[in-house]
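Structure first, commentary second.
Bear in mind these aren't lab numbers, they're just calculated from the coordinates by the rules spelled out. Keep in mind it's a predicted model, so treat the numbers as computed, not measured. Glycine gets a Cβ as well: all are built from the backbone with ideal geometry, and neighbour counts include every protein chain shown.
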Amino acid sequence: MLSGGDGQFVFANIAPGPFQFTITSAGFATQASSGILHSGEIYVVAQIALAVATNVTDVEVGLSQTEVAEEQIEVEEKQRVLGVLPNFYVSYIPNAVPLTSKQKFKLAWKTVVDPFTFVFVGGAAGVEQAQNHFAEYGQGAQGYGKRFGAGYADMVTGTFIGSAILPSLLKQDPRYFYKGSGSKPSRILYAIANSVICKGDNGRWQANYSNILGSLAAGGISNLYYPAQDRNGVGLTFENAAIGIVATAVSNLLQEFVIRKFTPKIPNNNPAKP
């Protein structure tokens, strides 16, 4: 029922008995009235004045998912085994926010330019030279430089393809999510399985195409710069890919059972210690 211009309104042909009506108007507080209408009675409601409605504004202050992910990355970038070795690609937060493509590339870049990466690659090149591995490279500073360059190229291509480019295209998370609970066999299976499965950006587990295809791609690219006598075409590609997947499984096992104990800076909301 709409009132007239003077605010008056009339209900006709109302059955006797209890009644209740509500008065509303934009910008005013709602009013309700009730009573009992007897047979043959004309019920006159007392004058009703609507009060101006109180404005209530709810303001929610919070961080966007991208900002939360950025804060979590900053924590991960401080994770170093024994305070030295980078441990960036493990999350001790089981429900960590998915990374944006930009953040995936940022983490990859942070990894390949980390001082320890150069130390690790340099040490591996030294061992190869001592064993005369990739003999065509020769010895001396030139041979060492070639071995170092090949090793560093492997590191860069593997990291960027498997941890940034493909995860961005396939919407997958390149990090290992620490389990830290359950029986030891279940944690072993979880760690090994995470070399071929991963979390998608939608939070669901799926085949780790990023790691598998990334290992294949890096293995294929390595044919471009390794000595001709050490190239084996498809064989070398799949050999390097298999080595990459096995290395990931071993790394995951170390993450699950060893490395966390020697990583001093981790989030407070991590799973309980085993």
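Give the relative contact order (percent, whole number) for the chain; include only Cα pairs under 8 Å separated by 6+ residues.
Numbers: 341 pairs, mean separation 51.4, N = 274.
With pairs under 8 Å counted, the relative contact order is 19 percent.
Cross-link partners for Lys265 among the aspartates and glutamates, with Cα-Cα distance under 19 Å and sequence neighbours closer than 8 places in the same chain left out: Glu70, Glu71, Glu74, Glu76, Glu77, Asp114, Glu256.
Exposed loop sites were defined as trypsin sites (Lys or Arg not before Pro) in DSSP loop states (anything but H, G, I, E or B) carrying at most 12 other C-beta atoms within 10 Å; in the chain the longest segment without such a site runs 1-203. Normalised Debye scattering of the range 34-163 at q = 0.09, 0.11, 0.14 Å⁻¹ gives log10 I(q)/I(0) of -0.49, -0.62, -0.81, counting only Cα atoms as equal scatterers and leaving out solvent. Only beta bridges with both residues in the range 65-262 are counted; by DSSP, about 75 percent of them are antiparallel.
Computed from phi, the 3J(HN,Hα) profile of the range 91-106 under the Karplus parametrisation 6.51, -1.76, 1.60 (θ = phi - 60°) reads 10, 8, 9, x, 10, 4, 5, x, 8, 7, 4, 4, 5, 5, 5, 5 Hz, with x in place of Gly and Pro.
Stokes-Einstein diffusion of the range 1-61 at 4 °C, 1.567 mPa s viscosity, Kirkwood radius from Cα pairs, rounded to a whole number: 92 µm²/s. The alpha carbon centroids of the range 127-182 and the range 67-123 are separated by 16 Å. Helix 234-257 axis versus longest C-alpha principal axis of the chain: approximately 60°, rounded to the nearest ten.
On a full-extension model of 0.36 nm per residue, what is the gain between Ala135 and Lys265, subtracting their alpha-carbon distance, rounded to one decimal in nm?
Values: separation 130, 0.36 × 130 = 46.80 nm, distance 4.22 nm.
That works out to 42.6 nm of additional length.
For helix 209-222, what angle does its Cα long axis make with the longest principal axis of the chain, in degrees from 0 to 90 and rounded to 10? Around 30 degrees separate the two axes.
Binning the alpha carbon pair distances of the range 65-262 at 5 angstrom intervals from zero yields the distribution 1, 7, 14, 19, 20, 16, 11, 7, 3, 1, 0, expressed in whole percent. Across q = 0.14, 0.24 Å⁻¹, the range 108-179 modelled as identical point scatterers on its alpha-carbon atoms has Debye log10 I(q)/I(0) values of -0.53, -0.99, in the order of the q list. Couplings for the range 177-189, taken from phi via the Karplus curve 6.51 cos²θ - 1.76 cosθ + 1.60 with θ = phi - 60°, read 9, 4, 8, x, 9, x, 6, 4, x, 5, 6, 5, 4 Hz in order; Gly and Pro are left as x. Summing charges over neighbours of Phe148, with a neighbour being any other residue whose Cβ is under 12 Å away from its Cβ, gives 0 when K and R count +1 and D and E count -1. Taking 23 Å as the straight-line reach from the Cα of Lys184, the lysines in range (excluding those fewer than 8 positions away in the same chain) are Lys199, Lys261, Lys273.
Once the Cα atoms are used to define both axes, helix 140-160 deviates from the longest principal axis of the chain by about 20 degrees. Fewest neighbouring Cβ atoms within 10 Å first, the residues Val119, Val52 line up as Val52, Val119. When Glu71, Glu256 are sorted by how many other C-beta atoms sit within 10 angstrom of their C-beta, beginning with the fewest, the order is Glu71, Glu256.
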